[in-house]
Amino acid sequence: MRKHIVIVEIVSTGFNYVEDALMRGYQPVVVECTYPGTEEDRAPFLVSREIARGKLPKGIPYIEETSDYVALLEQVRAYDPVLVVPGQDFAVELATHLASDLGLPGNPWSIIGKMTRKNEMHQALADHGVRYIRGQLIHNEEEAIAFYKELDTTHVVVKRARGACTQGMHFCEGYDEMIAAVRTELSLSASDEHVGDILMQERIIGKEYIVNTVSCAGKHRLVSMCFYDKLQMNGSNIYNYMETVTRLDVGNSAIVRYAFDVLDAIGIQYGPVHGEFMVDEKGPVLIEINCRPMGAGQTRQFLEKIYGQHETDSALDSYLDPVKFEQYHQMVYLA
């Protein structure tokens, strides 16, 4: 009988886990989780989910999350899986919870806040002496005004402490834009509990890098790297282009070393992390980590052509084949 790998959400690049599991002789099982946020927030994710469902090979079972976690746990346990992995941002919490309760390899449930909440990520960095971005949770306008004055800068970011794909993200220039953004998000938070806490941070202006890593027993490996160019349009950041980094120079190596320090501060032990970093005149600083494969819906074949490997396959190595992981770890980037 084939052993099972449970994949929580298969939207975007997380879908590659399905093909990778099948190629290794495992039977994938898909779990669909509950998306937080407003109805408007959820709409594009639900569309992506339907697209992913349509691509699934026949015979692959899937389970829908309900409010009864114990029942879901038993449904997953019945497959006797060897792994439970998240394929998307909002799957991280559920996948980590299931893996922990089933005694499977993964990151400890005790660090889930640092893995998913942007304020806790940066507090972990501060606690470990790693560069971080100053920020504070905002519960009302008075707190927003006081912290804005404390930051002593006109450049701030207002966003949700738990969110994905720029949900609730506001880049503010000056007091008026800041207070308007705070009012908008506080209003949404009051009307929809899934919006959650609101975070204000100082804004770091520089060049944005993506560092994708995979970890095995606390040892980290770079699997891909790129940088973004974005345009400001109608108050939002619009992606202009992405350029891959296929060879590391001194500056890129410093970013990667910092990224590994971030993973250690958070406590990452296993699996993929999609890290977003800003580099200014002081060097690299974390924007946020996402403890799942990179996004953008890139196929395994496309990624192989660029990087010589693809992230979900390397992630499965981190759980299932530490010898292969170590072999790749010893290779100079890029394979």
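The values are calculated or read from the model by the stated rules, or taken from the named source; none is laboratory data. Since the model is a prediction, treat every value here as computed from it, not as a measurement. Note: ideal-geometry Cβ built from the backbone for every residue, glycine included; neighbour counts use all protein chains shown. Areas reflect the complete protein model, heavy atoms only, side chains present, ligands, DNA and RNA absent. Shrake-Rupley method; radii C 1.70, N 1.55, O 1.52, S 1.80 Å.
For region 17-46, a residue qualifies if it is open to solvent by 10 Å² or more (accessible area, probe 1.4 Å), modelled with pLDDT of 85 or more and not acidic (Asp, Glu), and the qualifying residues are 22, 23, 24, 25, 26, 27.
If the condition is being in a helix (DSSP H, G or I) and crowded, with 19+ Cβ neighbours inside 10 Å, then region 262-299 contributes 262, 263, 265, 266. Return yes or no: is residue 311 open to solvent by less than 50 Å² (accessible area, probe 1.4 Å) and either at pLDDT 75 or above or farther than 24 Å from residue 172 by Cα (or both)? Considered against the rule, which asks whether it is open to solvent by less than 50 Å² (accessible area, probe 1.4 Å) and either at pLDDT 75 or above or farther than 24 Å from residue 172 by Cα (or both), residue 311 comes out as yes. Can you confirm whether residue 259 is among the hydrophobic types (A, V, I, L, M, F, W, C), closer than 23 Å to residue 201 by Cβ and free of Cβ contacts under 8 Å to residues at least 40 places away in the same chain? It is false that residue 259 is among the hydrophobic types (A, V, I, L, M, F, W, C), closer than 23 Å to residue 201 by Cβ and free of Cβ contacts under 8 Å to residues at least 40 places away in the same chain.
Restricting to region 58-84, and then to whatever is over 24 Å from residue 319 (Cβ atoms) and assigned to a loop (DSSP other than H, G, I, E, B), can you tell me which residue is modelled with the highest pLDDT?
68
Listed by first and then second residue, the pairs linking a residue in region 311-325 that is closer than 18 Å to residue 211 by Cβ and free of Cβ contacts under 8 Å to residues at least 60 places away in the same chain to a residue that is buried (at least 21 other Cβ atoms within 10 Å of the Cβ) and polar (S, T, N, Q), with Cβ atoms under 7 Å apart and 6 or more places separating them unless they lie on different chains, form an empty list. Taking region 160-194 on its own, how many of its residues are modelled with pLDDT of 90 or more and either farther than 17 Å from residue 140 by Cβ or hydrophobic (A, V, I, L, M, F, W, C) (or both)? Of the residues in region 160-194, 11 are modelled with pLDDT of 90 or more and either farther than 17 Å from residue 140 by Cβ or hydrophobic (A, V, I, L, M, F, W, C) (or both). Go through the residues of region 58-81 one by one and say whether even a single one is within 18 Å of the chain's Cα centre (by Cα) and in contact (Cβ under 8 Å) with a residue 12 or more places away in the chain. Scanning region 58-81, I find no residue that is within 18 Å of the chain's Cα centre (by Cα) and in contact (Cβ under 8 Å) with a residue 12 or more places away in the chain, so the answer is no. With the requirement that a residue be under 17 Å from residue 151 (Cα atoms) and in a loop (DSSP other than H, G, I, E, B), what does region 168-182 give you? Matches in region 168-182: 174 only. Of all residue pairs spaced 6 or more apart or on separate chains, those with beta-carbon atoms under 9 Å, a first member in region 1-24 that is assigned to a strand (DSSP E or B) and a second member that is among the charged types (D, E, K, R) and surrounded by fewer than 24 Cβ atoms within 10 Å (Cβ to Cβ) are 4/80; 5/20; 5/24; 8/32; 8/65. Scanning region 1-16 for residues that are under 16 Å from residue 57 (Cβ atoms) and open to solvent by 20 Å² or more (accessible area, probe 1.4 Å) returns 2, 4.
Filtering region 92-123 to residues that are more than 16 Å from the chain's Cα centre (by Cα) and buried (at least 21 other Cβ atoms within 10 Å of the Cβ) leaves 98, 99.
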